[in-house]
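Since every read-out is calculated from the coordinates, none of them should be taken as a lab result. None of these values were measured; they are calculated from a predicted model. Counting neighbours? That spans all protein chains shown, and the Cβs are built from the backbone with ideal geometry, glycine included.
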Amino acid sequence: MNNKTSSSPVKVNTATIIAVLALHMGVAAALVALDMPKPMPKKPEIEKPIEIELLTLAEQPEPEVVEVAPQPVVTPPPQQPVSKPESPKPAPVKKVEPKPEPAKVTKPEPKPEPKPVEKIKTQPEPKPEPKPEPKIEKTPIVKPDPKPVIDNTEQQRLIDKAATERAAAEKAAAERAAAERAAAEKAAAEKAAAERAAAERAAAEKAAAEKAAAERAAAERAAAEKAAAAASNTPQNFSANQASWRSKPNFSIPPAVVRRLNPGDRLRVMVRLTVDKSGTVTSATLAKSSGNTALDNYTVNTAKKGKFNPFTKGGQPVVGVVTLPIDYQVN
């Protein structure tokens, strides 16, 4: 009987301790879930290393078991385990202190001498120790391996060499183009000079030829003119029909001669005249007498006073010789 009574308080205390421990563990889990840092939003451009926080739960000290006087068996109600919230942001869990339920006192069997039952002093619930701040173990940022240093000296030397060769080639091409252009300009200038010299030479030859031709023509013309002059100065014989008076003198019988003639007599005096290029009578001679000397002399002298149109030969005026009959009639 005594053994049964002594084991009941131990069971009660053990159940109470288990319930308290379960409650503390649920509260600690809730606090840990609340204290978990919110994940930082990731920037789209830069990938940050993932930080992992390792939380260490403080070990709860086991309460000391105190032996108490035997008491009635109290069957504690089954404690409902606190479920761990699955959501990343759980709602805060209010701390609920378990209220001790009144212990059901079983009436002990009557004893011949019942001893007074000592009241069980309810031990104060141990206050939870302050939760140590979890140490956040920062994950070391993995730096990318440094890029190997590339020796660009040889590459730069090749680039510089290629640039130098390209510049030299461009310079040579420019100089060659300039030389070709200068040669072409020189050849064009020489060709133009040759053509100009040839043109000048041809013009000079032409001028010389023209001058020679002009001189020859002038000489020929002078010779012709000289010959014509010589020919024109040489008297040329013309017939009476080729002669034409420009200013005919008045051939009338003088009164002294008329007294010696009979009315109705007809007389003819033949006069030989020399006419110069201008038509002037330079000489008059008797070619044939009329039989009257006085009339012959009068006719020759009167003929010298007249003027003819110049005689021409080949379109040129010449000295002409003509014999004209001068007729008289006595009224």
| said: To check you understand DSSP bridge types, tell me what percent of the beta bridges within segment 237-329 (both residues inside) are antiparallel, rounded to 5. | reply: 95 percent
| note | By Cβ neighbour count within 10 Å, fewest first, LYS288, LYS211 rank LYS211, LYS288
| request: Compute the relative contact order of segment 237-329 as a whole-number percentage, counting only Cα pairs closer than 8 Å that sit 6 or more residues apart in sequence. | output: 43 percent
| request: Sort ASP160, ASP265 so the one with the fewest other Cβ atoms within 10 Å of its own Cβ comes first. | output: ASP160, ASP265
| Can you flag which of LYS191/LYS211; LYS171/LYS191; LYS226/LYS313; LYS226/LYS277; LYS211/LYS313; LYS248/LYS288 are past 23 Å Cα-Cα? | LYS191/LYS211; LYS171/LYS191; LYS211/LYS313
| query | What does the charge add up to near ALA162, with Lys and Arg as +1, Asp and Glu as -1, over the other residues with Cβ less than 13 Å from its Cβ? | reply | -1
| note | Sorted by chain and number, the residues with a modelled amide H under 5 Å from that of ALA287, at a separation of 5 or more or across chains, are MET270, VAL271, ARG272
| request: State the dimensionless ratio Rg/Rh of segment 237-329 (Rg: radius of gyration of Cα atoms; Rh: Kirkwood radius). | output: 1.03
